[in-house]
Amino acid sequence: MRGRMWRLALYLFILGFILNMLGIVTHVVVSSFAKSWFGSPLPPKFTTAWFSYAWTNFDLGQVLGVTLFIAVAVVVLALAIGFPAAYILARRNFRYKSAILLLYFLPLVIPQMTYGIPLATTLYRYGVGGSVAGVILAVLVPMVPLAVFILMPFFEQISLNLEWSAQVLGASRAQIFRRILLPLMVPGILTAGLLILVNTISNFELAFLLGGGGSQTLVVALFYNMFAGGVRPVYSIDAMAVMYMVMVMALLLVSLRFVRPTQMVFRLDR
Amino acid sequence: MQAPGDQLTSLQLGITKRYGNKTVLDNLQLEIRKGEFVTFLGPSGCGKSTALSIVAGLIPASEGEIRLNGERVDNLPPEKRGFGMVFQNYALFPHMTVYDNVAFGLTLTSISKAEIDKRVQDMLRLVQLLGFEARYPGQLSGGQQQRVAIARALVLRPRLMLFDEPLSNLDAKLRVEMRAEIKQIHANLGLTSIYVTHDQAEALSMSDRIVVLRNGVLMQSGSPQEIHDRPKNSFVADFMGFRNFFPVRITALSNGAATATSGNLTLRARAGDGFAVGSDAVMAIRPDDIQLGPGAGGAVTVPGRVEIVEYLGREQEAAVRTADDTRIWLRTAAHMQVGDQVELGFPVDKVVLLPAE
Amino acid sequence: MRAVANDERSEFDALALFCLLPSLLYVLAMFVYPFLYGVYLSLQVQKIDGFSLGNYVAFFSDAYQYGTIWITFSLAIPTTIIVLVLSLCLAYGMRRGFFMERTITTILIMPISLGVILLSEGILGFYGSQGWLNQMLIASGLISEPFILTHNYIGVMLALFMQQFPFCFLMLLGYISGIDPSLESSARMLGATPSVVFRRVMLPLIAPGLAIAFALVFVMSFAVFPSAVMLGQPAGATRTISIAAYQKAFEQYDMPAASAIAVVMGLCQLAALVLIILFRRRLSPAATMGVGKR
């Protein structure tokens, strides 16, 4: 039946794509353990030496520290800035609401390279370019809206009646926030935090444009080391890539316990 | 393109449907004859919509066959069966006008444009929507959308019409109007129809035959009068409004009447076959059939005290507590108050005898 | 579950302002302002006072520079078309759920979260002339010379495809499965075969989602940077417009010129978006009238 054949072809394609992904990732992993490897299916000899090589030569301790610091800072700031905004946007309707939502939407839709160049120019002019602060400020630009858009549906799920009944029982705004909203929003905060974390760690364009010597994130360092002059054996690069991958995969697996895969992708039905 | 098959003289079903190890339809067997209006009636989850979708060809049966005039149709895809279907949410194509919606099926055939035009106009006239051709579904009310949906299916002159709870999304008043219209269309066009609903008033007023389903099992199949007056089991009785059930033991059977006891109560009912003296059974009676007052001709009477009175306008529904602590519901136009002592009469021809569950 | 009051004006009170201000200010200061500043800067030429279109003139008179527009388009458009067609086929075919759906969607998220650098590094290894793919093909006798799939146009397209496809597929899958399934059923009951159902009922309803997906994928492909550098020939055949902008900014330290190139890039993306919107309007004027959502 034509329908069956069609479906079979589709499954084959997906299978092919997945195998392709696995092949790519596995190649990097195998290469990172290879002593040397030219043109044979598998490396003749294995070693773990590249990892320590990468760690010392690429100053990975510092890079990882910087990456984690930036990531945590972005998560905390994006949530802090985005949380109240998401609350108001979920609860209220007002004249410029659509315009504001559209405005918040733009940094997520316009490619980072397009607004990254002017952003980098501006930040350099004010002297924060090339520093950790600069990277944080830049990555926050798309992450604040992301926080808002992820948190909004969670707020919409908390009935306004809960706040009203608390008010009737005499709670102040601050108490309502602390004892009702915050606990109920924990799943939302967790989801948003994880997604922002993953996005920040894997962010390239903005971190690249704003990062300098001491403020490179892991991905940016990976990129630079591929093109720097001098001896950079590909195995050590791959070792670095594996470390990056382990980090992101671990985060991904943790996130997926709380978030559905489709939530990580841009939704068309807004 | 529909199969140019013959008109329907009979449709035979014998279908089973399973999802995993859950049986949703348990060997539903039925024969439908030309011109019949058959209703599948039952609560949500009873399998009635599943059965309809299987007849339509939208879902495959796990086991069984469907034969039209003796020939198998269950191996045909829906577009080749020549059945028409009206959906609960109308399913009108939102990007097409009313005209294009109704003409859709016709445009898939080789019928000429002029002929299509004529048929569409005729159908729109039938459902009283002439002049709405250029509107879009989003601009129509619920009732109007439903009529377009009906017109769209009928214009193809299907040999069997399938209705999947078409009136559930309409308000009560519109529902009553539309069901009369549907019945009239069915009669005027000489259709054969299968109608699915959970509303017993709809089923009773529209059908030639009602099939009551529960968890995929056929509980009773019969005319509206049979289903209403002579339910064959407690489920159907309960569904059709018998609110009082008494577990009894049969003490005597004679001349189509059974006598039975439930605690201190002795009841008499019409009896069918399949019951034996000494066996357990259930007797049931409707609240509206219970008579108030001293024993009226042969009826068993029971004294009791009124506990609850619900005012319903022209009538009252009251709960009466008898001496052996049974609660009996009755409906009457007589005025009652809590605390009143009353005599309840159970006319023999209104009490039904049902198998024990 | 949302309770929203009716009076619009009273909804925007001091609390609303307090809550919105931080994010609003941030987006205005860090997104809108740099953008405007960038446009302003693009009209300044180094060492010349006052406004001037010098940067733009310089860009469009140098074939090495303006040629990047063509190069980038010729990368972005085919990629977008391929990604969209394949995503549509797959999303449509799998609209009613598929085997191991959750596992598959999880694996498809991988490219998006791993990021382009890791992906590119992996592609270099796997698809390289010494890589596993070529080794397998040669070993099985299918080819004798390795396919050159990296450090060229194809390498960049591969990377773009792997990044954009999962994203586009999941987006379209969500959109298509949101269309009322009874529309399909009713079309079939009216005699439509599956291909007629697709052509006359589903495709018009999917069209708006397709347009958005096309726009998003194109815009992101047009801004391609790291994969063009790693997997292409950044000095030649795959010198995209973002590379040109980057070089002006960070190799030649000519910020005004870089800003001008960024503006040109933005305008190209905007032009494409406008074309898509116009095209869509012409194609399905009624699709906006109460689309059949569940």
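Descriptive notes on the structure:
- Out of B:VAL302, B:VAL277, B:VAL248, sole residue that is over 33 Å from the mean Cα position of the chain (by Cα), farther than 21 Å from B:GLN225 by Cα and surrounded by 19 or more Cβ atoms within 10 Å (Cβ to Cβ): B:VAL302
- Count of residues meeting criterion [out of contact with any helix residue (DSSP H, G or I) (no Cβ under 6 Å at 6 or more places or on another chain) and either within 12 Å of chain C (Cβ to nearest Cβ) or under 13 Å from B:ARG152 (Cβ atoms) (or both)] in segment B:125-136: 3
- Residue count for segment C:91-103, restricted to those that are facing chain A (nearest Cβ under 7 Å) and assigned to a loop (DSSP other than H, G, I, E, B): 1
- Test for A:TRP37: is it more than 9 Å from chain C (Cβ to nearest Cβ) and either crowded, with 16+ Cβ neighbours inside 10 Å or under 25 Å from A:THR200 (Cα atoms) (or both): no
- Taken over segment C:1-55, the criterion of being hydroxyl-bearing (Ser, Thr, Tyr) and at pLDDT below 85 is satisfied by C:SER10, C:SER52.
- The requirement of being part of a loop (DSSP other than H, G, I, E, B), within 30 Å of B:ALA201 (Cβ to Cβ), hydrophobic (A, V, I, L, M, F, W, C) and over 20 Å from the mean Cα position of the chain (by Cα) is fulfilled nowhere in segment B:67-81; no residue meets it.
- The set of residues from segment C:20-45 being over 27 Å from the mean Cα position of the chain (by Cα) and surrounded by 12 or more Cβ atoms within 10 Å (Cβ to Cβ) comprises C:LEU20, C:LEU21, C:PRO22, C:LEU43, C:GLN44, C:VAL45.
- Elements of type helices (runs of 4 or more DSSP H) in segment C:221-294, at least 3 residues being modelled with pLDDT under 90, more than 14 Å from chain B (Cβ to nearest Cβ) and surrounded by fewer than 19 Cβ atoms within 10 Å (Cβ to Cβ): C:255-283
- Criterion (within 13 Å of another protein chain (Cβ to nearest Cβ) and among the β-branched types (Val, Ile, Thr)) met by exactly one of B:VAL155, B:VAL176: B:VAL155
Conditions (1) under 23 Å from B:MET178 (Cα atoms); (2) small (Gly, Ala, Ser); (3) touching a Ser or Thr at 6+ places or on another chain (Cβ under 6 Å), marked per residue:
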| position | (1), (2), (3) |
| --- | --- |
| B:TYR19 | no, no, no |
| B:GLY42 | yes, yes, no |
| B:SER53 | yes, yes, no |
| B:LEU58 | no, no, yes |
| B:SER62 | no, yes, yes |
| B:GLU65 | no, no, no |
| B:PRO77 | no, no, no |
| B:GLY84 | yes, yes, no |
| B:GLN88 | yes, no, yes |
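- Between B:ALA103, B:ALA61, the distinction of being crowded, with 19+ Cβ neighbours inside 10 Å and part of a loop (DSSP other than H, G, I, E, B) belongs to B:ALA61 only.
- Residue under evaluation C:LEU88, criteria (1) within 30 Å of A:VAL220 (Cα to Cα); (2) more than 7 Å from chain A (Cβ to nearest Cβ); (3) under 18 Å from the mean Cα position of the chain (by Cα), criterion not met: (1)
- The set of residues in segment C:183-194 being buried (at least 20 other Cβ atoms within 10 Å of the Cβ) and of a type in the set (S, T, N, Q) consists of C:SER185, C:SER186.
- Test for A:LEU22: is it surrounded by 13 or more Cβ atoms within 10 Å (Cβ to Cβ) and either among the acidic types (Asp, Glu) or closer than 30 Å to C:LEU90 by Cα (or both): yes
- Candidates C:LEU173, C:LEU203 - the one that is more than 7 Å from every other protein chain (Cβ to nearest Cβ) and in contact (Cβ under 8 Å) with a residue 60 or more places away in the chain: C:LEU173
- Restricting segment C:129-145 to residues that are over 34 Å from the mean Cα position of the chain (by Cα) and assigned to a helix (DSSP H, G or I) leaves a set whose member that is farthest from the other protein chains (Cβ to nearest Cβ) is C:ILE138.
- For A:PHE105, the test of being within 30 Å of C:PHE126 (Cα to Cα), in contact with a helix residue (DSSP H, G or I) (Cβ under 7 Å, 6 or more places away or on another chain), assigned to a helix (DSSP H, G or I) and among the hydrophobic types (A, V, I, L, M, F, W, C) is failed.
- When the criteria are applied in full, C:ILE112 fails the requirement of being without any contact (Cβ under 8 Å) to a residue 12 or more places away in the chain, assigned to a helix (DSSP H, G or I) and within 14 Å of chain A (Cβ to nearest Cβ).
- Unmet criterion (only one of (1) under 30 Å from B:THR50 (Cβ atoms); (2) part of a helix (DSSP H, G or I)) for C:GLY191: (2)
- Filter pass, A:ALA192 being part of a helix (DSSP H, G or I) and surrounded by fewer than 17 Cβ atoms within 10 Å (Cβ to Cβ): no
- Qualifying position, being closer than 30 Å to A:VAL148 by Cβ, of a type outside the set (Phe, Trp, Tyr), in a helix (DSSP H, G or I) and in contact (Cβ under 8 Å) with a residue 60 or more places away in the chain, among C:THR72, C:THR80: C:THR80
- Among the candidates A:PRO142, A:PRO118, A:PRO111, residue that is within 30 Å of C:TYR253 (Cα to Cα) and touching a Ser or Thr at 6+ places or on another chain (Cβ under 7 Å): A:PRO118
- Qualifying residue in segment C:118-128 (condition: surrounded by 22 or more Cβ atoms within 10 Å (Cβ to Cβ), over 13 Å from A:MET21 (Cβ atoms) and hydrophobic (A, V, I, L, M, F, W, C)): yes
- Residue match in segment B:1-20 (condition: under 23 Å from C:GLY191 (Cα atoms) and at the interface with chain C (Cβ under 9 Å from one of its Cβ atoms)): yes
- Pairs where the first residue, in segment A:78-105, is at pLDDT 90 or above and the second is polar (S, T, N, Q), C-beta under 8 Å, 6+ apart: A:ILE81/C:SER23; A:GLY82/C:SER23; A:PRO84/C:SER23; A:ALA85/C:SER23; A:TYR104/C:SER23
- For segment A:110-120, taking the residues that are facing chain C (nearest Cβ under 7 Å), more than 16 Å from C:ALA29 (Cβ to Cβ) and assigned to a helix (DSSP H, G or I), the one that is nearest to the chain's Cα centre (by Cα) is identified as A:MET113.
- Residue within segment A:201-211 that is in contact with an Asp or Glu (Cβ under 9 Å, 6 or more places away or on another chain) and either aromatic (Phe, Trp, Tyr) or modelled with pLDDT under 90 (or both) present: no
- The requirement of being at negative phi, hydrophobic (A, V, I, L, M, F, W, C) and without any contact (Cβ under 8 Å) to a residue 24 or more places away in the chain is fulfilled somewhere in segment B:314-322, by at least one residue.
The values are calculated or read from the model by the stated rules, or taken from the named source; none is laboratory data. Source: prediction; values computed, not measured. In this analysis, Cβ positions are derived from the backbone assuming ideal geometry, glycine residues included, and neighbour counts consider all displayed protein chains.
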